[in-house]
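Notes to accompany the following structure.
The values are calculated or read from the model by the stated rules, or taken from the named source; none is laboratory data. Because the structure is a prediction, the values reported are computed rather than measured. Positions of Cβ are generated from backbone atoms using ideal geometry, with glycine treated the same way; all protein chains shown enter the neighbour counts.
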Amino acid sequence: MLDSKLRQVISSRKENLKPYDRYGEPIPGMSWVALSGDLHNGEFECFMLRMDAEARSKPHEHTGFEEFLVIEGELIDCDGSRYRAGDFVRFLPGSKHSSHTPDGCTLLVILRGNNLALSDAEIAG
């Protein structure tokens, strides 16, 4: 029989999301909830990320792998690549990018390593 004390349920409903503050100050239009792993430990973390319409991520470089599954909506990367619901995307260590969403999106993110904040000019080259 299942021992309910050994089960953890984390709700990713909108009312449970917190401002996305991975780089210090919250990023307008972005919110998240931790699902597993230790946030910011640089080893492994998994979280649900919600981006409202017209939200933009900060430019960043991956020190480890970043993987995400688009659950709903569409995300557009700085090179014009479009990721839609059902797309699974993997960025390798050393990759640099930023993204935006015209109508909003929800992502399941798996991150290994910490991201390094960059300027727009550092990802343009």
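Taken over the range 28-54, the criterion of being within 12 Å of the chain's Cα centre (by Cα) and under 21 Å from Ile123 (Cβ atoms) is satisfied by Met30, Leu49, Met51. Just give me the residues in the range 1-36 being loosely packed, with under 10 Cβ neighbours inside 10 Å, farther than 25 Å from Glu54 by Cβ and not hydroxyl-bearing (Ser, Thr, Tyr), in sequence order. Listed by number, the residues that qualify are Met1, Leu2, Asp3, Lys5, Leu6, Arg7, Gln8, Val9. What are the residue pairs meeting all of these: first residue in the range 6-29, first residue at positive phi, second residue at pLDDT 85 or above and part of a loop (DSSP other than H, G, I, E, B), Cβ atoms under 6 Å, and 6 or more apart or on different chains? Listed by first residue and then by second, the contacts come to Gly29/Asp52; Gly29/Ala55. Using the structure shown, decide if Arg22 is modelled with pLDDT under 95 and in contact with a His (Cβ under 8 Å, 6 or more places away or on another chain). Criteria met by Arg22.
Condition check ((1) among the acidic types (Asp, Glu); (2) surrounded by fewer than 16 Cβ atoms within 10 Å (Cβ to Cβ); (3) modelled with pLDDT under 95) across all residues:
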site: His62; (1), (2), (3): no, no, yes
site: Phe68; (1), (2), (3): no, no, no
site: Glu72; (1), (2), (3): yes, yes, no
site: Ser81; (1), (2), (3): no, yes, no
site: Arg90; (1), (2), (3): no, yes, no
site: Thr101; (1), (2), (3): no, no, no
site: Leu107; (1), (2), (3): no, no, no
site: Ala117; (1), (2), (3): no, yes, yes
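Filtering the range 55-93 down to residues that are more than 22 Å from Asp21 (Cα to Cα) and small (Gly, Ala, Ser), which residue is farthest from the chain's Cα centre (by Cα)? Checking each candidate, the answer is Gly80. What are the residues in the range 75-116 that are basic (Lys, Arg) and touching a Cys at 6+ places or on another chain (Cβ under 8 Å), if any? Hits for the range 75-116: nothing passes.
Return the only residue of Glu43, Glu54 being touching a residue at least 60 places away in the same chain (Cβ under 8 Å), surrounded by fewer than 18 Cβ atoms within 10 Å (Cβ to Cβ) and in a loop (DSSP other than H, G, I, E, B). The match here is Glu43.
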